Amino acid sequence: MRPRPPAMRTKRRYILARILPYGATPDQKDVYLSVVEAATSLFGDAAVGLAQPAVVFCDGGYAVIRCRRGTEKDIATALATVTAIGVCRAALRAVAVSGTIHALKRRVRPIRPLSGDGEMTIEGRCFTMYRYPRQKVDLVEKSIKHQKLLFFTEPDLEER
Amino acid sequence: MKITDASVRPYPAGDSTLARMAVEAAELGFDSVVAIGEGAPPVGGAAVLRGAVISGASPKEVIKQVREPAAQHADVVFVNAGDIAFNRAVVSIKEVQVLRNIHAARKNAFDHVAARSAAQRGLAVDISLAPLIQYRGTKRQRALQQYEDILLLHRRYGFLLTISSGACSILEQRSVREIRGLCALFGMTGAEVNEALASVGRIVEPDQPVRVVG
C-alpha cells in the first residue's frame, strides 16, 4: 500500500516522559496499557480514540508517547494520573513535547546508579541500596514478590 | 512569590524521607513544601515548613487541639473539613489557617457563609490533587465537582486557595506544569494556579501595615 502524501497525513506530537522509580524497566505494552487506562478514565473513550495515543519508545528510564497534534496537553495531563505500570507502582513525568522523536531523544539524560551499592536492614527487612546523583538512594527490598521501595538520601542513611 | 506544595507526608507515614521529597520538590519547580508532622529542615532541595493537621469531631475539640504544642509550633495549621455547621464554626477560629480534605466532605459543606468568613479572616481552602491522581470513576468525578464549586466561591468571595499533592511518596509528587494541567480539569486558569501555589507564603508571612522602626 502506498503511503499517503505528506499533506494528507495526520499531524502528530511526541511526549517524552521519564519513568519513576529510577531503574524500572517496564514492558512497552504495559506502559501503553497504563497510559490508555489513565487517559480513558480521565477523558473517556471518544476523546482518547481521537487522540490516538501510542507508546513508540520505552528504554533507559524514558518513554515516548505519540498522540495527535492538539491533544498533547490532555495526554500529558493523563500521564500525571498514572500510578502504576503493570503491577508495580510507578509514575510518568512529562519532560518535553516535540514534533519529532529525534528532537526528544536529544533531551534524554540517562540516569544510571552510581557505584557503592550495598545492603542495609530497616525494621527487620533487608534492602539493596542503589545510589543516584544528587545524593539520592533508592532501597529495594530483597524479596521475590511485592518488593517494598524506600526513597532516601545519603544524609538520611548517615543518621541511621 | 514562593511556590509551595501545601502538604506532603514523608517517611514513616510514606515511603520517602523528607529530605528526598524536598530534593524532588526542588526538581519539580517548588520553592518549599509543607511537611505534615515533620519539621527538621533538610540540607538541600526545597525549604520545609512544618504543618499540623487537626481532625476534630466538634469545633470545641478543634479549639482544644490548636492550643496543644504540636499545633503551636507548626507553621501551617490545617483542619479536616466536616459538615456545614462544623466548617462555618471552624473558619472563625483564629489559629486555623487552612481547611483541608474538602473533597471528602458532603456536597455544599463549604457554603457561601463559610466562604465569606474565610475571605474576611484570610483562611485558605486546600485543593488536594491526590483524589484526581489516585481515584478513578465516581470518586474522582465527585472530587472534581467539589473543586469546581470551591473555585466558584473563590471567584465570588476571594478567599485563599492552596494546592497540595498530599504525596506520601516521591512517585506521588507532581510538577508545577502537571498541576496546571490537573487543575485545568475543573476550570482553574494558570494565573489562579500560580496564585494558589503562592498562598502558603502569604499565610506564613501575611501582609501587614508598614511599621516605622526607630
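The values are calculated or read from the model by the stated rules, or taken from the named source; none is laboratory data. All values derive from a computational prediction rather than experimental measurement. Note: ideal-geometry Cβ built from the backbone for every residue, glycine included; neighbour counts use all protein chains shown. Keep in mind that these areas ignore ligands, DNA and RNA; they rest on the heavy atoms of the full protein, side chains included. Shrake-Rupley method; radii C 1.70, N 1.55, O 1.52, S 1.80 Å.
Distant-in-sequence amide contacts of A:Arg12, defined by a placed amide H-H separation under 5 Å and a gap of 5 or more residues or a different chain, comprise A:Arg69. Near A:Ala96, the amide H atoms lying under 5 Å from its own belong to A:Leu16; only residues 5 or more places off or on other chains count, and H is placed 1.01 Å from N. The dipole here belongs to the protein assembly as shown: it is taken about the Cα centre, uses +1 on the Cβ of Lys and Arg and -1 on the Cβ of Asp and Glu, and is about 1500 debye.
Across segment B:199-206, rounded Karplus estimates of 3J(HN,Hα) from the backbone phi angles (6.51 cos²θ - 1.76 cosθ + 1.60, θ = phi - 60°) give 5, 4, x, 6, 6, 5, 10, x Hz, Gly and Pro being marked x.
Working note: Karplus 6.51/-1.76/1.60 with θ = phi - 60° gives segment B:106-121 the couplings 5, 4, 6, 5, 10, 9, 5, 5, 5, 4, 5, 5, 4, 5, 5, 8 Hz, where Gly and Pro are set to x. Charge dipole of chain B (Cα centre as origin; +1 on each Lys and Arg Cβ, -1 on each Asp and Glu Cβ, all else neutral): 600 debye, rounded to the nearest 20. Be a star and scan segment B:66-97 for residues whose amide nitrogen sits under 19 Å from the point 7 Å along the Cα-to-Cβ vector of B:Ala13. Residues B:66-82, B:96-97 qualify, since their backbone N sits under 19 Å from the label point.
Relative to the Cα centre, what is the charge dipole magnitude of segment A:50-160, using +1 at the beta carbon of each Lys and Arg, -1 at the beta carbon of each Asp and Glu, and rounding to the nearest 20 debye? Present the calculation step by step, with values, prior to reporting the outcome.
Numbers: 19 positive and 12 negative charges, 133 e Å.
Approximately 640 debye in magnitude.
The stretch between A:Gln52 and A:Lys148, if pulled fully straight at 0.36 nm per residue, gains 31.1 nm over its current Cα-Cα span. Rounded to the nearest 5, the antiparallel percentage of DSSP beta bridges internal to the protein assembly as shown is 60%. Selection among B:Ala26, B:Asn87, B:Asn101 by position relative to the dipole of segment B:4-204 gives B:Asn87 as farthest towards the positive end (Cβ unit charges, Cα centre). For B:Ile163, enumerate residues with amide H under 5 Å from its amide H, sequence gap 5+ or separate chain, H modeled in the peptide plane. Long-range HN contacts for B:Ile163: B:Ala6, B:Ile127.
Separation of segment B:70-109 and segment A:38-97, taken as the distance between their Cα centroids, equals 35 angstrom.
Find the sum over both chains of the accessible area lost when A and B are paired, probe 1.4 Å, and report it in Å² to the nearest 100. Walk me through the numbers before you get to the answer.
Numbers: alone 10470 and 10930 Å², together 18810 Å².
Its buried surface, counting both partners, is about 2600 Å².
Would you tally the net charge around B:Arg202, using a Cβ to Cβ cut-off of less than 12 Å, leaving B:Arg202 out, and scoring K and R as +1, D and E as -1? If you can, show how the numbers build up before the last one.
Numbers: positive: B:Lys2; negative: B:Glu195, B:Glu205, B:Asp207.
Overall, the nearby charge balance is -2.
Oblate is the label for segment A:11-105. Its Cα gyration tensor axes, ordered a ≥ b ≥ c, give a/c of at least 1.5 and b/c at or above a/b.
Among the lysines of the protein assembly as shown, pairs at least eight places apart or on separate chains and with Cα atoms under 28 Å apart come to 24.
What does the accessible area per residue of the protein assembly as shown come to in Å², with a 1.4 Å probe and no ligands, DNA or RNA counted?
For the protein assembly as shown, the per-residue accessible area is 50 Å².
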